[in-house]
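Reading through the structure tokens given below for one structure.
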Amino acid sequence: MLSWSGRLARLLKFDDRMKTPSLGLVLGFWVISNILVITWWWVNISDRFLPGLLRYVGIAFLVTVALVPLRLLFKVRSSFFNPVMLGLLVSCCLALSITAHEANLLRDQLQLSLDHERAFAHMDAVEGVMRPLLAKITEVYVQILGDDRTHGGSTFYTHIVANYLFDSLSFLAVFALATLLLSPTATWLCLLCFAFYTQIAIYPGRMGPVFIAGGLFWQLFLLTSQRYPAAIISGLIISFGRTDVVFASAFSLLGLAAFERRWPTLKEWVVFGLLIGISLAVPKTLIWMHPGTDYRSFLVTNGDFSKLVGNLLAMKLVVAIASPVLVIAIVRTFVLTRTIAVVGSACLVHVGLVFFIADFTETRLIIPGLAGLAFVASEGLGKLLEGKSEAQPGSG
């Protein structure tokens, strides 16, 4: 009989040549999956065939519905020509499950949450382009699906769908980067670790930290795969909402060059300079255009250094959450790897921004750093599992 690690490795590792997903595949899958989710709730399939059940079973039913496809997908995984397709499906299943969990936590505040998000369409916020755009998207979802104030609508369902739109992007970004940096087994482990940290991050009922992590790893995916024009365009868009993501991700280019023991190429220096410039110039331009803006964005050039002590005192919570993964990362990682060079440099810069010039003390916003740690730990654990599974046939 196969050992536990052998069975796990056989379950997760089914293709030694995991392909890097294209931009069209990732974005196309995201659009299609969101259309399907909207359709599901719009036609009220769950209420029509299971009247009243969701009202009493609640979150347990929603999570089960979201996770059952995972089991079915792994059953038929060998029939997938491209294993990346399976990974994208798994990512979206996890996103739906996590989003349902968040909606359950906020059940008493769902209408307030929707109204608050839609209000940004009429505010003079520092995110002069991005936040109002998100507010408009939320408004469209409310018009299609309705809420508790409209006849036949459900704030609970609308909240799940609207959040899934953005949360699924985070999972797709993590999976896409993992296909570039990690082995097939480690890719799956990293995705599941990210789902675990997502559960922790949303315990207070907000998905902001996960969305930030998704933006950071999406940028890293574009930079590591040398999709520089797309990375610059993406960085410009993200900078209207989160300048720290663009600023931190740029340092992965320097980290990768250092790992390869070379100076960055001229193209890498140009991309690095553009991303840093964008992260500094865009928010300053918005503030110059709107002097009375409401400060809600993380601006690299503005911070409250007095928050450092409070952030460091709260660090014990982060250490407690990260300790299992931290142990694996320390025990299994003996040398600098490409994964550490790419993810570590960006996450360290982001952690520095959070703890040294941050204008908030919310420790859960350390989730990008924890996700980077999950990358490193998954790489070490994946090598351990794959090494054992490969040694067993030879020993027989």
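Taken together, the values in this text are just the output of simple stated rules run on the coordinates, not laboratory data. Since the structure is predicted, the reported quantities are computational estimates derived from the model, not experimental observations.
For the reader, a short list of remarks on this structure follows.
- Extension gain, Lys75 back to Arg227 (0.36 nm per residue minus Cα-Cα distance, nm): 51.3 nm
- Residue-wise HN-Hα coupling along the stretch 381-386, computed from phi with Karplus coefficients 6.51, -1.76, 1.60 (Hz; x: Gly, Pro): 5, x, 5, 5, 5, 5
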